[in-house]
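For reference, the structure discussed in these notes is given below.
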Amino acid sequence: MPGPRVVLDTSVLVSAILRPAGPSGGVLRAARRKAFTMVASPAIMDELVDVLSRPKLRAQARLTFEDVALIRVGLEQFAEAVPGAYRDLDAVPTDPNDNPVVATALEGEAEYLVTLDERDLLALKVLRGRAHRPVQIVTPPDFLKLLRRRPWR
């Protein structure tokens with residue numbers, strides 16, 4: 001049985017790059033080994049490049065602009081891309097900047113959205129779109145537990 005369809009929020013991707021041994025790194029490793037289908041959109045990839053290109057973060061992670069570009073290309077090679085066409089979605093009242101992440105989950109028919117954003121995304125718990133299955137919003141440690149318990153492998 002194939003694994004679930006999952007959107008990784010930018011916060012998880014950045015955390016995985018900064019702390020590969022942590023839970024976010026574990027989620028990214030699971031994506032690489034195809035334990036689930038990682039769903040991404042240009043909006044998520046653009047935000048990742050923007051965050052990783054910030055001088056303070058680049059210095060902290062010791063990343064060059066070339067490294068940042070290679071990270072994006074690497075992620076795009078194993079993620080399933082959706083176009084990000086749901087532009088008018090208004091699902092995150094506390095932070096409209098998170099709407100593209102929600103749109104990616106709905107458009108990509110994801111079962112899970114994995115994030116570290118407690119205030120805005122995790123507070124929603126579940127996304128319910130009219131023509132979509134519910135999307136569970138979970139933290140990286142909780143998602144890793146789900147992967148261990150489910151018969152997807």
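Here are some notes:
- Selection within the stretch 55-66 - of a type in the set (D, E, K, R) and surrounded by 14 or more Cβ atoms within 10 Å (Cβ to Cβ): ARG58
- Being crowded, with 19+ Cβ neighbours inside 10 Å and in contact with a helix residue (DSSP H, G or I) (Cβ under 9 Å, 6 or more places away or on another chain) holds for only one residue in ALA69, ALA40, ALA81, and it is ALA40.
- Only helices (runs of 4 or more DSSP H) whose full extent lies in the stretch 1-70 are considered here, and the ones with at least 3 residues that are at negative phi and free of Cβ contacts under 8 Å to residues at least 24 places away in the same chain are 23-32, 42-52, 55-61.
- The stretch 71-84: number of residues that are of a type in the set (Val, Ile, Thr) and without any contact (Cβ under 8 Å) to a residue 12 or more places away in the chain: 1
- For the residues VAL51, VAL92, VAL102, the requirement of being at pLDDT 90 or above and aliphatic (A, V, I, L, M) singles out VAL51.
The values are calculated or read from the model by the stated rules, or taken from the named source; none is laboratory data. Everything numeric here is computed off the predicted structure, so don't read it as measured data. Cβ atoms come from the backbone with ideal geometry, glycine included; neighbour counts cover every protein chain shown.
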